[in-house]
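Notes follow once the structure below has been shown.
The values are calculated or read from the model by the stated rules, or taken from the named source; none is laboratory data. Just so you know, these numbers come straight off a predicted model, no measurement behind them. Cβ coordinates were reconstructed from backbone atoms using ideal geometry, including for glycine residues, and neighbour counts include every protein chain displayed. To get the accessible areas, we keep the full protein, side chains included, count just its heavy atoms, and leave off ligands, DNA and RNA. Shrake-Rupley method; radii C 1.70, N 1.55, O 1.52, S 1.80 Å.
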Amino acid sequence: MEGYNSRIGKDQMRQYMGSMYENSMVVYREYLQNACDAVELALRKGLILNRRQANIAVTIDRYNKTITVEDVGIGIARKNIGDYLVSVASSNKYKKGLVGKHGIGRLNGSNYCDSIIYETSFAGEPIKSTLIWDVKKAREICDDDSLDWDVTQIIDAVTHLKEAESEDTDKHYCKVTLVNVNDERLLDRDLVKQYVEQIVSVDYSTEFKDNVRNPALLKSENASYKQRFEDLWVYQVTVDDMPIQKTYASEFDDKVLGGMQLFVLRDERTQEELAWGWFALNRRAEQFNGLPFSFIRARHHNFQIGRDDLLNSYHKNSTAASYVVGELHITHPNIEPTGTRDGIEGGPDKDRLELALRKLFKKIYDLYNNASKFKSNVVEKIGTLNTEIARQKLILKGESDPDERKKIRKKIKEKEEGLQSALDALPKYQTFFEYNDAWDVAQDVVDAVNDGVIKSYNTSAKVEKADAQIKELDLSDFKPSVPTQPVQPTHPGNYTPYNDNPEEKPHTVPGESITPIAPEPLTGPPVPSEMDPYKSLSTVERSIVRKVLSVINSMTEIPDKQKQKLKNKLQKKIVKK
């Protein structure tokens, strides 16, 4: 304004130095995202060939109370030290499509140490530059009410650029050191590791990829998602030389992830893509509690946005979020993290994302709600009754007293009547899974009951001694005998795997009705199955074998005898004798 000299007061300096963040661990997020951006720029310049081969190293020296974050990214030319490391909120990242964008993250550690040292070398420069921020002095100035300094005066007073040192021209790097750290949490290696593996754009573990992600990508309908996973920004990060990976695992304590479900969120009107992602339910169709990777989390450039519960308000109710884990990767160019990365911004485009999220979460609610009831009202009841019937039959074998035998037979009959009540509840779940193409979720439920009920019975000492094991439940036992008509998605390419309006769900083929499975196959003598030799394999392995057998069976151009030879070779190769 004419006749007035504007200034930025020192209260703003406190904001730049980290007071805007509630969690001190955000220090690691800010410095690691800066390191990842440096690697990204080096990749674009051809200085490195692969993100995963450019290690970003976090080193914690608890004894000396120092933290260092070092990358082999593009580095900073000496002529740019002032613009990149001294001036505040003048970042040029925003136009480059990187993770950071406001140029204030590099001061985030100021609240938790006495000084910050930047050591850097730019590719092609034969020197190393060192800049020191005396943040202890900056805090003292900010706290001294007698000093009416503005931000520029404070920065000039607390920054010092040392004389250049010689360096190899081929080297390019940046090393940030926080000196005399005053927050114990920042020096706790385990806490740091737990934080970094959730927040930063690192890879999934091999175990998770082998048992959860890769089986999902084997499905023909998910083929396009393979490239999406390959395109995720993934960096190599170590904490005290320990490689960091995302926390996701196929099993955690007594909780087992079901099959990965993949989706793309689009605007229903324009079909414009907003985000994509994946989710998984508990195979037991129960809540996930106590997981280090709980809820569906928002990510941008594969960095987590906000807290783990950021998206929970979009669920139908407060407990619904606990039934699912997963990731939402934002792809729309106008939807981004807020300046502090605590939330999402994007105006009308964010509103469209929120609408799509609410619909997605409603469909997930319908999915796990039906899966949970299918488990308790049908599968678990049938599994439990089958073991109780088998147990009574085992007792009957050893009982000679006529009256006792009569009582046992009565118990068996009662249990068989209970089976029929479970079967009576089956058709509505058959319709739901068939219409929504969600039989893989039903398979998870069946597997969970087999593991928790049938296998528990079969491996008991008395049953093993009597060699009286019963047949495990099979998903085919629960599928309708007459398939329902196929249904086309309302919006091709949009995420519509589940229909949340039961009034619109189709029933059976006209003139036919769903025939509930009869109790006899579930309680009578075991019926030989092609999958019987593979019972010892894991759920994922059995799923793959089942698909291979399905392909062989569908080969109409070869005789049955040749098909059997192929199956025998498969069994010989896979099953351990």
Query raised in the report: Out of all the residues in the range 391-403, is one or more under 20 Å from L265 (Cβ atoms) and either touching a Gly at 6+ places or on another chain (Cβ under 8 Å) or buried (at least 19 other Cβ atoms within 10 Å of the Cβ) (or both)?
Result: no
Report summary line: Those residues of the range 49-71 which are buried (at least 17 other Cβ atoms within 10 Å of the Cβ) and within 20 Å of L232 (Cα to Cα) amount to R51, A54, I56, D71
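For every residue, the table says whether it meets (1) open to solvent by 20 Å² or more (accessible area, probe 1.4 Å); (2) more than 28 Å from H315 (Cβ to Cβ); (3) at pLDDT 95 or above; (4) of a type in the set (A, V, I, L, M, F, W, C).
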| site | (1), (2), (3), (4) |
| --- | --- |
| Y365 | yes, no, yes, no |
| K406 | yes, yes, no, no |
| R409 | yes, yes, no, no |
| I412 | no, yes, no, yes |
| S421 | yes, yes, no, no |
| Y435 | yes, no, no, no |
| G452 | yes, no, no, no |
| S460 | yes, yes, no, no |
| E464 | yes, yes, no, no |
Query raised in the report: Can you name the condition, by its number, that A35 falls short on among (1) surrounded by 23 or more Cβ atoms within 10 Å (Cβ to Cβ); (2) touching a helix residue (DSSP H, G or I) at 6+ places or on another chain (Cβ under 8 Å); (3) in a helix (DSSP H, G or I); (4) not aromatic (F, W, Y)?
Result: (2)
Report summary line: Cβ pairs under 7 Å, 6+ apart or interchain, first in the range 331-354 and closer than 20 Å to D308 by Cβ and at pLDDT 95 or above, second of a type in the set (F, W, Y) and assigned to a strand (DSSP E or B), ordered by first then second residue, are none
Query raised in the report: What pairs come up if the first residue lies in the range 58-79 and is within 19 Å of F122 (Cβ to Cβ), the second is open to solvent by 20 Å² or more (accessible area, probe 1.4 Å) and in a helix (DSSP H, G or I), and their beta carbons are under 6 Å apart, counting only those six or more places apart or on different chains?
Result: I74/L41; I76/Y84
**Report entry** Leading residue by the ranking (farthest from H315 (Cα to Cα)) among those in the range 336-363 that are small (G, A, S) and in contact with a His (Cβ under 8 Å, 6 or more places away or on another chain)
**Finding:** G339
Report task. Return yes or no: is V509 modelled with pLDDT of 70 or more and among the β-branched types (V, I, T)? Result -> no
Query - Selection from the range 115-129 of residues that are surrounded by fewer than 18 Cβ atoms within 10 Å (Cβ to Cβ) and not aliphatic (A, V, I, L, M) - result: G124, P126
Report task. Of the conditions (1) modelled with pLDDT under 95; (2) open to solvent by less than 60 Å² (accessible area, probe 1.4 Å); (3) closer than 27 Å to R341 by Cα; (4) of a type outside the set (D, E), A157 clears all except one; give me its number. Result -> (3)
